[in-house]
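Written out below as structure tokens is the structure these notes cover.
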Amino acid sequence: MPPMPWGMPFGMPMPGSPYNGTPPYNGTPPYGASPPGDRRRPDRRGGRGRRTPAHPRPSKSVYQPDPNADRPEDSKPCRTLFVRNVAFEVNVDQFREEFAEFGAIKTWFDLIQRRGLLFVTYFDTRAAERAKEYMNQRKMYGRILDVHYSLPKEEDQQQHCDREKNQGTLFVLVRNATEPITDEAMRTHFSPFGEIREIRTYKDKANTRFIEYWDSRACVAAHDQLNQTPFLGGELQLKFAWDLATVSLVTDARNRSEAKAAAEARARDGTAEPAPLPEHQAI
């Protein structure tokens, strides 16, 4: 397949482009997302007598985030939106068409009829940004839509990234180059497949780069066309990598979870008042 031109305005279909078309609903939630409240039932173990906990548990969480702070995941846009407070009367097909106006949809998973929520995943981060900006706080059938970027699971991000993870980043290694490796040379070589969001180095190694596309389909196309091909007198070695926003979201969530657990442990032990989270980690 020849490199894809990017001369068309964003959002317009191109003949013969793999970017066209939206796959139908497949009945499974998007990668890295799960509806809130989807928890496993606790084990009910038998035994004699009544088990007494080592420390009395507080009646509610002692972790008190700042109610005026922005959701941390909303500061780092990703391709999946979590939409809740959807009216049960909404026509699902028409509702999906509205979201599709912002860009091609990769996956759509809804529980609107039962729980009034859905996950929608786009190929392009910019499409998700536009959808969130327009649809959030929109009133439908007497309900106000609540739209946020979906927080990825830490255990998912610990897996190897591949073409199915809907990421836009490639790890680039140039072996045995005989010419200088510059960001400009990288951009010129990789930009025909799609608009590049960012190019960054890896641990100051001159022969490596992370190249992040806005659109995950451009990332896949570049990988398939350029992997193990000549470049600057050497050879390109390409691997799929996690987007920087995905890594940052998971790290922030882990830090907040650890701070919350520590605060509750101190409260149970009565050793100290729960310490507030740092401002940049508040939710």
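Here, each number is a calculation from the coordinates, and none is a lab measurement. Keep in mind it's a predicted model, so treat the numbers as computed, not measured. FYI the Cβ positions are ideal-geometry reconstructions off the backbone, even for glycines, and counts take in every protein chain you see.
Quick notes on this one:
- Summed side-chain charge close to Y134 - residues other than Y134 whose Cβ falls under 11 Å, Lys, Arg +1, Asp, Glu -1: -1
- For region 107-159, the spread of Cα coordinates along the three principal axes comes to 41, 28, 17 Å, biggest extent given first.
- With a cut-off of 14 Å between beta carbons, the residues surrounding I196 carry a summed charge of -2, where Lys and Arg count +1 and Asp and Glu -1.
- Region 81-201: proportion of alpha-carbon pairs further apart than 22 angstrom, %: 49
- Inter-part distance, region 94-120 to region 170-236, computed on C-alpha centroids, equals 34 Å.
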